[in-house]
Amino acid sequence: MDFPCLLGIDSEYQDGNFILNRCVLNVNRRGSGYLCYNGRDMVKRLLLISLFPFLLMPADSGKKKKNLLLDAAMVSAVTCAYVLIIPDTRQRIFREASIRKVWENFKYPVWSAREGGKRDHNGFWINYVGHPLSYMALGLYLKERGYDNLETLAFTQTANVVWEYVIEGSLWLPSSKDLLSDLCGSLAAVYVMAPLSELGERKIAAGDRRWGNYLLYYLNPFKKINRLFFGPRKKSPVLCFSPKRSGVMIGMVWLK
């Protein structure tokens, strides 16, 4: 079990009183609290037995709340806003878009992408900076929403195909350059940026507050941005227990 924050109290039974002799505090990336009790003698074990019914309380998994329909709606809204804000794209979409072109793109997907890549003369900053960065941002957003690696890649590449073959594809051929750049941005988000950000978060939560760890943490800015849209994850108290070599640990976990 992965307990975000562990506050362990080790005590001895003497003269009818529990004497506190050691307190250990460990914090991990979720920043929640776990107050535990280590029972080693008969009195403590009887106390644990009396509390056993409470251990059957259902536990909140603490996972991030992903919502496919909501996230698809968010991405669609951003895409529509982009199309409508850029004057040239907006005018061409309403004047030149054709379902026939979309059908041709899917009828010959490989040829369309290869030919579109040859005709793609956009500059370096659009093809090799703007495209991968936008899909890197989408991947980081999805990772912070709770999607695993394969789900994130499936979502981003579906958006990639829809953009190239349907939205832009209603005007011109999809570009193989853009498809590959977008894929590279998604892979970088999933396998480089998100893991480094998680590493920084774990180190900060463990008390290592050097600036380098904050730099790693903010490699995924959606750790903060998502809270503006969806609010902070709720903390849920859960009574649980864990066996130890010398007895049993029982306590309350705050999951979020």
Query - Cross-chain or 6+ apart pairs with Cβ under 8 Å, region 114-127 first and not assigned by TED's automatic domain parsing to the domain that holds SER175 and surrounded by 10 or more Cβ atoms within 10 Å (Cβ to Cβ), then modelled with pLDDT under 90 and outside any helix (DSSP H, G or I) - result: none
Report summary line: Filtering region 136-161 down to residues that are outside any helix (DSSP H, G or I) and crowded, with 20+ Cβ neighbours inside 10 Å yields TYR147
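Are any of the residues in region 160-177 within 26 Å of LYS224 (Cα to Cα) and of a type in the set (Gly, Ala, Ser)?
no
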Report task. Find all pairs meeting these conditions: Cβ atoms under 7 angstrom apart; at least six residues apart or on different chains; first residue within region 195-208 and closer than 18 Å to TYR141 by Cβ and surrounded by fewer than 19 Cβ atoms within 10 Å (Cβ to Cβ); second residue of a type outside the set (Gly, Ala, Ser) and at pLDDT below 95. Result -> GLU198/ARG29
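The values are calculated or read from the model by the stated rules, or taken from the named source; none is laboratory data. What you see is a predicted model, and the numbers here were worked out from it, not measured in a lab. Positions of Cβ are backbone-derived with ideal geometry, glycine not excepted, and every protein chain shown enters the neighbour counts.
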